There are 2 protein chains.
Amino acid sequence: MAQLQKSIEKRNALVKATIHLVNNNGFHATPMSKIAKMASVSPATIYLYFDNKQDLVNKVYIEVKAAFTAYAFKNYNTDIPVAEGFEIIWKRIADFKLKEVQEAMFLAQCDNTPMIDETSRQEGLKHLQPLLDLWERGKQEGIIKPLSPYLLYAYSINPLSFLMVMQQRGVFQLNQDHLEDAYRAAWDSIKK
Amino acid sequence: MAQLQKSIEKRNALVKATIHLVNNNGFHATPMSKIAKMASVSPATIYLYFDNKQDLVNKVYIEVKAAFTAYAFKNYNTDIPVAEGFEIIWKRIADFKLKEVQEAMFLAQCDNTPMIDETSRQEGLKHLQPLLDLWERGKQEGIIKPLSPYLLYAYSINPLSFLMVMQQRGVFQLNQDHLEDAYRAAWDSIKK
DNA sequence: AGTCATAAAATGAACGTTCATTCTTTTTTT
DNA sequence: AAAAAAAGAATGAACGTTCATTTTATGACT
């Protein structure tokens, strides 16, 4: 029991170190030796928890993505009206990206590079279904534009990633007023 | 003269090969030997044109970025009214991303990873000034929302990158109708 | 409770490979 | 013939992964 506990701690440390180092250096410029060192572990120990480097980063991606969507949909259920549901989800996503900066940065990098296996990418996409359902409902009720989900996503949700990256690079400071403006822009771009 | 001519061809081949290989494998999974092979050149020859691998990718980034912005602002000048100017620029950007897919993918990857030096990133940003000026004018005339340029960019220009990546991954096909919809969403999100 | 045998977990060193870069030689151009 | 450009082979460092060994935890038996 104490043994299992310890293992989980080590695994978490490895995941955390991977996120941090990949954010700063990229996947291929992050040696296993450095991940091990940051997690206070021997390089060989990584291979007790993961098959290899690719498996490590795939698993980290899927776990972070799952955590992200769990957070995003926490206060949402299908009984809530479309406009309100969208606002709830959008603001939770913004929350996540502002609070869990490292995790969000990691996802942004994964989504824009060939770093992740295609299958893991697909896996990560599945979790977004509630949002797609909401948009479908919104279209049927004539509340939002009859557009492809990719367009809806591109103009309402995805811009948050861009803003977060800019904030992270220190080029501008994102505050609560900005977020209200951003939400308004997001809604204006998809509402009918 | 004939010698210089030949050199430029080799250099172009190297740039092209770098873009292609980095798009498919990422920066660090693209060995100089493969770039050389794809450009039909010896690895050593690369070092006649570029200082090292980092210098190569930085220069490719800046050149592609310059080509991109030159294309974007081709038909625009400061006498054109704000709304019309925005439409011209937006559609040229969309054009570029659809026609020069490899170049656009390369920029998207550079903008979301630690692959490029910070100074090169800054350098690439400078070229966007005409768009910033246009927004400033739009705000003063009360035509577009009084928002930070980062918000304006995030909700009007940047989504195109997302759409292009999705298209490139084959998850959906972007056609002319989509582009009209996308432009409408872009404008709705920033107009007052 | 304490001892010890066994198994699991963890380690550091070592291996084989890959890669960026350099060096020496050959080819091409002037 | 001299200089510039290009080539391929060589070099040394870094990396992912494995291996042999040590450390730690577990549980049976006194």
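The values are calculated or read from the model by the stated rules, or taken from the named source; none is laboratory data. Bear in mind the structure is a predicted one, so any value in this text is a computation, not a measurement. All Cβ positions, glycine included, derive from the backbone under ideal geometry; neighbour counts span all protein chains shown. Areas reflect the complete protein model, heavy atoms only, side chains present, ligands, DNA and RNA absent. Shrake-Rupley method; radii C 1.70, N 1.55, O 1.52, S 1.80 Å.
Given the residues A:121, A:92, A:137, which is the only one that is under 21 Å from residue B:112 (Cα atoms) and either part of a helix (DSSP H, G or I) or not assigned by TED's automatic domain parsing to the domain that holds residue A:173 (or both)?
None of the other options fit; the residue is A:121.
Before we move on, is residue B:104 closer than 26 Å to residue A:110 by Cα and either within 14 Å of DNA strand C (Cβ to nearest atom) or within 14 Å of chain A (Cβ to nearest Cβ) (or both)?
Yes; evaluated as a whole, the condition is true for this residue.
Under 7 Å between Cβ atoms, which residue pairs at least 6 apart in sequence (or on different chains) link something in region B:22-36 that is of a type in the set (Gly, Ala, Ser) with a partner that is open to solvent by 50 Å² or more (accessible area, probe 1.4 Å) and within 14 Å of DNA strand D (Cβ to nearest atom)?
B:26/A:28; B:29/A:28; B:33/B:43; B:36/B:42; B:36/B:43
Would you tally the residues in region B:155-173 being at the interface with chain A (Cβ under 7 Å from one of its Cβ atoms), under 13 Å from the mean Cα position of the chain (by Cα) and not in a helix (DSSP H, G or I)?
1
What tally of residues in region B:133-192 results from selecting those that are of a type in the set (D, E, K, R), within 18 Å of residue A:178 (Cα to Cα) and touching a residue at least 40 places away in the same chain (Cβ under 8 Å)? Walk me through how you get there before you give the answer.
Narrowing region B:133-192 to residues of a type in the set (D, E, K, R): B:133, B:136-137, B:139, B:141, B:145, B:169, B:177, B:180-181, B:184, B:188, B:191-192.
Now narrow it down to the ones that are within 18 Å of residue A:178 (Cα to Cα): B:136, B:139, B:145, B:188, B:191-192.
Adding the requirement that they be touching a residue at least 40 places away in the same chain (Cβ under 8 Å) leaves B:145, B:191-192.
Count: 3.
Output the number of residues of region A:43-93 satisfying the condition of being open to solvent by 60 Å² or more (accessible area, probe 1.4 Å), within 16 Å of DNA strand D (Cβ to nearest atom) and of a type in the set (A, V, I, L, M, F, W, C).
Result for region A:43-93: 2.
Would you say residue A:8 is more than 12 Å from DNA strand D (Cβ to nearest atom), at negative phi, hydrophobic (A, V, I, L, M, F, W, C) and open to solvent by 60 Å² or more (accessible area, probe 1.4 Å)?
When the stated conditions are applied, residue A:8 passes them.
Listed residues B:151, B:132, B:179; which is modelled with pLDDT of 95 or more, assigned to a helix (DSSP H, G or I) and in contact with a His (Cβ under 9 Å, 6 or more places away or on another chain)?
So the residue among B:151, B:132, B:179 that is modelled with pLDDT of 95 or more, assigned to a helix (DSSP H, G or I) and in contact with a His (Cβ under 9 Å, 6 or more places away or on another chain) is B:151.
Just name the residue that is most open to solvent (accessible area, probe 1.4 Å) out of those in region A:140-154 that are more than 8 Å from every other protein chain (Cβ to nearest Cβ) and farther than 16 Å from residue A:129 by Cβ. Quick ask: steps written out before the conclusion?
Applying the first criterion (more than 8 Å from every other protein chain (Cβ to nearest Cβ)) to region A:140-154 yields A:140-144, A:146, A:149, A:152.
Pick out the ones that are also farther than 16 Å from residue A:129 by Cβ and you get A:140-144, A:146.
Details: A:140: 148, A:141: 102, A:142: 36, A:143: 58, A:144: 3, A:146: 96 Å².
Out of the qualifying residues, it is A:140.
Read through the list (1) touching a residue at least 12 places away in the same chain (Cβ under 8 Å); (2) open to solvent by 40 Å² or more (accessible area, probe 1.4 Å), then give the number of the only condition that residue A:118 fails.
Unmet condition: (1).
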